[in-house]
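Remarks on the structure that follows.
The values are calculated or read from the model by the stated rules, or taken from the named source; none is laboratory data. Computed from a predicted model, the values in this text were never measured in an experiment. So basically every Cβ, Gly included, is an ideal-geometry build from the backbone, and we count neighbours across all protein chains shown.
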Amino acid sequence: MAAKKFTVLIIPEGSHQVRRFNVRRSVLQWLAGVVMVMLLAVGLLSIDYFRTHLDRRDYARLKTENRSQQLELQRLTASLQDLQQEMVVLAQNDAKVRVLAQLSKPRTDTLAGIGGAPEEATGDHFSALQQQIDAVRQAIDLRRESQEEIQGFLNDQRSLLAAKPEGWPVKGWVTSSFGMRKSPFTGKPKMHEGLDIAARTGTTVAATADGIVSRAETVAGYGKLVVIDHGYGYKTYYAHNSQIFVKVGQRVKRGERISAVGNTGSSTGSHCHYEVRRNGVPVNPRKFL
Ligand SMILES: [Zn+2]
């Protein structure tokens with residue numbers, strides 16, 4: 001279109017009057033430009049509108065999520081507080097057991113000093129939660145240490161009980177007690193360092209506590225002798241046996257047969273000479289029967 005001007009005819013319906021306008025080419029071009037710009041603006045605005053709409057939907061979803069997460073967080077905090085309460089009860093029980101076992105007090109717990117966090121400030125809430133978790137973990141470590149200590153103590157107690165001589169090595173009757181007596185051989189006063197229990201030759205002699213056989217041999221005076229080392233400073237002697245059934249180094253249990261009653265060594269009749277030594281010193285075996 002090379003024309004400079006255009007003529008626009010407007011013919012209203014049902015009328016014969018015709019209106020004509022002369023329009024310049026530049027005006028038409030300007031109008032086209034304006035329309036283009038408006039279309040562009042409408043396009044951009046609608047894109048923006050849809051984006052905002054999507055954002056708003058996201059926002060609503062996130063808000064709901066956030067709320068449910070906060071509820072979850074509160075629930076977690078509550079159950080963590082329950083855990084802490086239980087740890088406090090455990091600590092109290094632990095302290096009681098330690099008193100019974102006469103152990104020293106465990107290190108003080110920091111658990112009781114930690115409270116809840118404000119509900120709104122989520123960052124603080126998380127760090128408080130972490131602190132509470134750390135505190136519970138620390139309390140668990142303390143309990144575990146203490147339990148191990150108590151267990152060790154009980155094991156020691158059990159070993160000591162098993163090691164301490166108890167009961168009769170032979171079923172029989174006491175013919176001579178521990179202490180000063182007139183020697184049946186020389187007639188002079190002499191210390192009798194054990195207990196004589198009379199029984200038929202061949203009667204079973206049993207260990208009076210757990211231990212390790214440290215001697216199983218014939219010794220002048222004692223005759224066929226068995227000595228058991230029980231640890232904790234305890235040793236027991238079984239003398240004048242007719243037979244020995246154990247070897248040096250052998251581990252024996254309380255009640256286990258070690259020898260048979262006899263009349264070997266310096267003895268005037270079939271009996272078991274039973275001695276208990278504490279740190280090498282003979283003590284009255286009657287205290288251990
Ligand atoms: Zn004796």
Only one residue in Leu9, Leu83 is under 60 Å from the mean Cα position of the chain (by Cα) and not small (Gly, Ala, Ser), so which one is that? Leu83
Can you tell me which of (1) surrounded by fewer than 20 Cβ atoms within 10 Å (Cβ to Cβ); (2) more than 16 Å from the ligand (Cβ to nearest atom); (3) more than 45 Å from the chain's Cα centre (by Cα) is the one Ser270 doesn't meet? (2)
So which residues in region 273-283 are surrounded by 15 or more Cβ atoms within 10 Å (Cβ to Cβ) and not basic (Lys, Arg), if there are any at all? His273, Tyr274, Glu275, Val276, Pro282, Val283
Could you look through region 209-234, keep only residues that are within 16 Å of the ligand (Cβ to nearest atom) and under 30 Å from Gln157 (Cα atoms), and pick out the one that is surrounded by the fewest Cβ atoms within 10 Å (Cβ to Cβ)? Val227
Just one of (1) surrounded by 12 or more Cβ atoms within 10 Å (Cβ to Cβ); (2) closer than 30 Å to Gln84 by Cβ trips up Arg144, so point out which. (1)
Name every residue in region 235-261 that is of a type in the set (A, V, I, L, M, F, W, C) and more than 16 Å from the ligand (Cβ to nearest atom), in order of residue number. Ile244, Phe245, Val246, Val248, Val252, Ile258, Ala260
Of the numbered conditions (1) surrounded by fewer than 21 Cβ atoms within 10 Å (Cβ to Cβ); (2) part of a strand (DSSP E or B); (3) of a type in the set (Ser, Thr, Tyr); (4) within 16 Å of the ligand (Cβ to nearest atom), Thr264 satisfies every one except a single condition; which is it? (2)
Of all residues making up region 186-204, the number that are within 11 Å of the ligand (Cβ to nearest atom) and either part of a strand (DSSP E or B) or more than 14 Å from Asn241 (Cβ to Cβ) (or both): 8
Quick check on this structure: which one of Ser183, Ser176 is at pLDDT 85 or above, surrounded by fewer than 18 Cβ atoms within 10 Å (Cβ to Cβ), among the polar types (S, T, N, Q) and within 16 Å of the ligand (Cβ to nearest atom)? Ser176
